[in-house]
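The values are calculated or read from the model by the stated rules, or taken from the named source; none is laboratory data. Given the structure is predicted, the values throughout are model-derived calculations rather than measurements. Positions of Cβ are backbone-derived with ideal geometry, glycine not excepted, and every protein chain shown enters the neighbour counts.
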Amino acid sequence: MMYASILTFVVAAYWVAAAPGDLSYVQWFEIEPASEIHAKIVGESWELFKTKHNKQYGSTEEEAYRRSVFAENMKKIEIHNQKYKKGEKSYWLGVNQFSDLKAEEFKKLHSGCVKMRVNLTDATCSTFLPPHNVVLPDAVDWRDKGYVTPVKNQKDCGSCWSFSATGSLEGQNFQKTGKLISLSEQQLVDCSGDFGNHGCEGGLMDQAFEYIKKYGIETEEVYPYKAKDQKCKFSSSKIVAKDTGCVDIESGSESALQQAIASIGPISVAIDASHPSFQSYSGGVYVEKECSSTDLDHGVLAVGYGRENGIDYWLVKNSWGEQWGEHGYIKMARNMTNMCGIATAASYPLV
């Protein structure tokens, strides 16, 4: 079919879902020109998008609007990916479950770290002291050591902070017990309001650690995630983990963050994820020059670091499901003046 032969790179990258370096990805990438996105291709891609992500809309008017947003986002993705093809960008974009949302809508629904600047937290954490005379490995990936649970999905609830907090505690709990237990984000959403968190309206990881220090936390299986604010259902008889406090890493120091990741495990971090490029990220090392290092809106989990194509990166676990990014992960530029504020508000729990 003629139209099948001219599907654009952005569509191919989305539906093939190839990993970086996959030959099928490269072949599509080399063949397809940006100029041939047109109404029929957008229409076919739109139908595939709706099917893949089970999209349903309340009216024909709403669907027409969402389709127009989808088409706009596809065009932006295509323009960016042409720059990637020319070597002007270090990462590529793709259609994902968020491609029918405008950037403003997306930020409202899928971030959730209380809009924070340095030193906003009220938690009483100690300060990380880097180990002396330790040679850091060139690369770290705590997934390989069993410290990291599968990628989760916060859905339409601004609860990223809870996923960041449980992720770090899951790693520390594994280090202590040898058991990787998925912990309850919903408990934090429902029950930690008295510690300064706001459920689906946002929160902070250090406040979550303070709550867990006092009350403990249940498993995800026992207290499952519902992606909405509920009445607290916590039972002290069901807790499986607690912390004894939290540790803050020197604000803005990527060197200290690297040492913490290498010596401690997965670390909770807050970032500026407010840009359309983050919404549509699909692979490569993310470099966003418009990112702020102090105006942070999203909590994630740094599970490692490394280097790719000559660029240092942080390996970051997100909470938007496996269909976003590199199977739910993003490589964020490292040693680029604290890109997106990843080292501004980093912390972990003590167990």
Breaking point among (1) touching a strand residue (DSSP E or B) at 6+ places or on another chain (Cβ under 6 Å); (2) surrounded by fewer than 20 Cβ atoms within 10 Å (Cβ to Cβ); (3) over 17 Å from Ile261 (Cα atoms); (4) not hydroxyl-bearing (Ser, Thr, Tyr), for Ala139: (3)
Single condition Ser255 does not satisfy, out of (1) hydroxyl-bearing (Ser, Thr, Tyr); (2) in a helix (DSSP H, G or I); (3) under 20 Å from the mean Cα position of the chain (by Cα): (3)
Filter pass, Val247 being within 8 Å of Ala343 (Cα to Cα), of a type outside the set (Gly, Ala, Ser) and surrounded by 19 or more Cβ atoms within 10 Å (Cβ to Cβ): no
Matching option when the condition is in the same structural domain as Thr124 (by TED's automatic domain parsing) and more than 16 Å from Lys317 (Cα to Cα), among Gln154, Gln230: Gln230
Long-range neighbours under 8 Å by Cβ, at least six apart or interchain, first residue within 14 Å of Phe98 (Cβ to Cβ) within the range 151-175, second among the acidic types (Asp, Glu): Gln154/Glu185
Matching residues in the range 156-180 - criterion: being under 21 Å from Ser192 (Cα atoms), charged (D, E, K, R) and either in a helix (DSSP H, G or I) or touching an Asp or Glu at 6+ places or on another chain (Cβ under 6 Å) (or both): Glu170
Meets criteria (surrounded by 14 or more Cβ atoms within 10 Å (Cβ to Cβ), at pLDDT below 95 and of a type in the set (S, T, N, Q)) for Thr121: yes
Members of the range 265-306 that are part of a loop (DSSP other than H, G, I, E, B) and either outside the structural domain of Leu169 (by TED's automatic domain parsing) or aliphatic (A, V, I, L, M) (or both): Ala273, Val287
First in the range 259-274 and at positive phi, second anywhere and aromatic (Phe, Trp, Tyr) and in a helix (DSSP H, G or I), Cβ under 6 Å, 6 or more apart: Gly265/Trp142
Pair list, Cβ < 8 Å and 6+ apart or interchain, from the range 186-213 residues that are assigned by TED's automatic domain parsing to the domain that holds Ala345 to residues that are of a type in the set (Lys, Arg) and at pLDDT below 95: Gly202/Lys115
